[in-house]
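Working notes for the structure below.
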Amino acid sequence: MGDFKNAGRTWQPKGQPIRVQIHDFPSMSVGKAVPYGIYDVAHNRGFVNVGTSHDTPDFAVESIRLWWEAEGQVRYASADSLLVLADSGGSNSARSRLWKVRLQTLADALQIPITVCHLPPGTSKWNKIEHRLFAYISIHWRGRPLVDFHTIVSLIGATSTTTGLTVTARLDLNTYPTGVTVPDSVMAQLALQPHATHPQWNYTLAPR
């Protein structure tokens with residue numbers, strides 16, 4: 001994040017170009033923005049939590065919790081379960097213990113089961129969030145330097161399409177540490193039920 005070139009073109013008054021740095025070294029940045037998106041397939045709604053720390057399982061599950069509190073529980077007031085479709089890598093990795101532990105905590109708090117279905121490795125391009133949400137965010141902010149958090153959150157929140165996509169964006173100033181380990185004793189306490197089909201990618205966490 002900083003006064004760096006952002007690929008693409010946009011309209012600008014003649015004689016008033018936006019000046020940017022030639023290089024975009026991390027040491028020249030003014031910070032780091034970490035967007036975690038939730039896409040509501042049924043309502044064509046996006047929710048993006050923009051972090052300022054690290055993309056960790058804690059951050060991912062907190063983003064889902066914030067979406068539920070802000071939009072999900074109102075839109076799905078009679079919901080008796082929650083289905084999360086996710087990639088297999090990153091903060092919501094299918095192999096991440098911390099991801100499962102934090103989802104268990106969320107299931108306990110909401111008192112509804114949370115089912116997770118991971119897309120197999122190498123198939124994230126079929127994840128609807130990529131071409132129905134983040135693709136349009138990239139189109140909307142192309143050619144505009146992402147100079148600060150306000151600019152990033154504003155550009156994401158103003159993203160829309162003719163097919164009805166709307167996006168909510170918020171800034172998350174919490175710190176999410178990396179390197180958190182989960183011992184076997186904690187994993188043994190999870191109410192985790194692997195599915196019969198590809199149990200490494202599909203499982204349900206029941207509320208305790």
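When Val20, Val30 are checked against the criterion of being more than 30 Å from Ile112 (Cα to Cα), touching a Lys or Arg at 6+ places or on another chain (Cβ under 7 Å) and modelled with pLDDT under 80, a single residue qualifies: Val20. Annotation note: of Leu171, Leu205, the sole residue that is in contact with a Lys or Arg (Cβ under 8 Å, 6 or more places away or on another chain), within 26 Å of His43 (Cβ to Cβ) and either modelled with pLDDT of 95 or more or among the aliphatic types (A, V, I, L, M) (or both) is Leu205.
In this structure, Arg9 does satisfy being among the basic types (Lys, Arg), surrounded by fewer than 21 Cβ atoms within 10 Å (Cβ to Cβ) and not in a helix (DSSP H, G or I).
Do the conditions hold for Asp24, that is, is it without any contact (Cβ under 8 Å) to a residue 60 or more places away in the chain, surrounded by 13 or more Cβ atoms within 10 Å (Cβ to Cβ) and assigned to a loop (DSSP other than H, G, I, E, B)? In short, yes.
Report whether or not Ala107 is in contact with a strand residue (DSSP E or B) (Cβ under 7 Å, 6 or more places away or on another chain), surrounded by 18 or more Cβ atoms within 10 Å (Cβ to Cβ) and either of a type in the set (Ser, Thr, Tyr) or in a loop (DSSP other than H, G, I, E, B) (or both).
Details: in contact with a strand residue (DSSP E or B) (Cβ under 7 Å, 6 or more places away or on another chain): yes; surrounded by 18 or more Cβ atoms within 10 Å (Cβ to Cβ): yes; either of a type in the set (Ser, Thr, Tyr) or in a loop (DSSP other than H, G, I, E, B) (or both): no.
So Ala107 fails the test.
When Ser63, Ser29, Ser53 are screened for being surrounded by fewer than 17 Cβ atoms within 10 Å (Cβ to Cβ), in contact (Cβ under 8 Å) with a residue 40 or more places away in the chain and farther than 18 Å from Gly143 by Cβ, only Ser53 passes. In the range 160-185, the residues that are closer than 29 Å to Trp141 by Cα form Cβ pairs under 8 Å with partners that are of a type in the set (Lys, Arg) and part of a helix (DSSP H, G or I), at six or more places apart or across chains, as follows: Leu165/Arg132.
The values are calculated or read from the model by the stated rules, or taken from the named source; none is laboratory data. No experiment lies behind these values; they were computed from the predicted model shown. Cβ sites come from the backbone with ideal geometry, for glycine too, and all protein chains shown count toward neighbours.
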